[in-house]
Every structure is written in C-alpha cells, then in structure tokens.
Amino acid sequence: MSAEAVTKVAASGQPVEVVRFEHVTKSFGSGREAKIAIQDVSFVVHDLPNTGELISIVGPSGCGKSTLLRLIAGLRPHFPPTSGSAYVFGKLIEKPGSDRGMVDQKYSLMPHLTVAENIAFGLQLRGVGRRERLARAREWAHKVGLDGSERAALMESWARLKLRQRL
C-alpha cells in the first residue's frame, strides 16, 4: 500500500494495517541441527487514527523478539522467513525498505565520525546533499539534547552523556 493510500484510509477513520504476520516460522540450520527462533506466529498491528499508541514486544532473552523485528525490517540472516508470510502496509516484505527502520540493541555508531556525521549517515547513503544532511543532523541533535556536540568526536560526546547521567 502506498503512502498516499495509507493517508486516504487513515482519513476515512478506518484502522490502517501496518504489519501482518501469517503463520511465520524462522529457523536457522536444517534437519536435526535446526534451531527454531519463532514458530507459527500470526498477528496484525493496526495504526489507529488520531490515537497515541505504543506497541511493545516483550519476552525473555532468546524468545525471538529481535528475529521478529529483523523479519519486519527485511534484514538477513533472519529474513526471509522459513515459512509463512509477512506484510508491511499490505505488501509482502521482499527486502529492506525505506518505509521502515530499526534501531538494533547493539551500538551501530561509527566512532571515527562526528556526532553529526553519524546522524546524517543514512541521508548520505540516500544521496542527500552535504548541506541538507548537516542541517537535518543539527535539527535532530537539538531534538535529542545533543546541540553543541555536532562537531565533536563521538567518543567525546559519549563521555559528556555519561557525565550528564551521573549528575
């Protein structure tokens, strides 16, 4: 479903189907050595118009939370599912897409770049010009309380954040 179609459906007051899993199983390996990460998972997540909402996936370590999110994001080695189907906005997930994103539980920052360069990295991959990338990076640095740190080395900014946490 295109963004335009999503907007039309949302304007109609009907809930938009954001994610759908139909009998999704993901295993790693094969035969007797196979490790099942998730098995026969089915659910639908709707975006309810004009409703502030938060969707959480909760469970113990190793239960498949990250596998589920990486399947939605279309990221290997978790993608594709071993069986079943996964959809985002009504379209079968075939690969990673700009219509969804994921923040991994591991740090995915590049310590050799500045704060602004880390923030703008995804925009650089999309071919956004340097001036626009850095302007948007400054805007986001401000939103998350890192204004003034944009030109700092990443490690220096982490030290500042740790000090701020202690205070």
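Per-structure values
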read-out: Count of residues meeting criterion [in a helix (DSSP H, G or I) and modelled with pLDDT of 90 or more] in segment 1-48; value: 0
read-out: Residue count for segment 31-45, restricted to those that are in contact (Cβ under 8 Å) with a residue 40 or more places away in the chain and of a type in the set (Asp, Glu); value: 1
read-out: Enumeration of residues in segment 68-94 that are surrounded by fewer than 17 Cβ atoms within 10 Å (Cβ to Cβ) and at positive phi; value: 90
read-out: Selection status of residue 53, at pLDDT below 90, of a type in the set (Asp, Glu), loosely packed, with under 14 Cβ neighbours inside 10 Å and in a loop (DSSP other than H, G, I, E, B); value: yes
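The values are calculated or read from the model by the stated rules, or taken from the named source; none is laboratory data. Keep in mind the model is a prediction, meaning the values are calculated, not measured. Quick reminder, even Gly has a Cβ in these numbers, built from the backbone with ideal geometry, and neighbours come from all protein chains shown.
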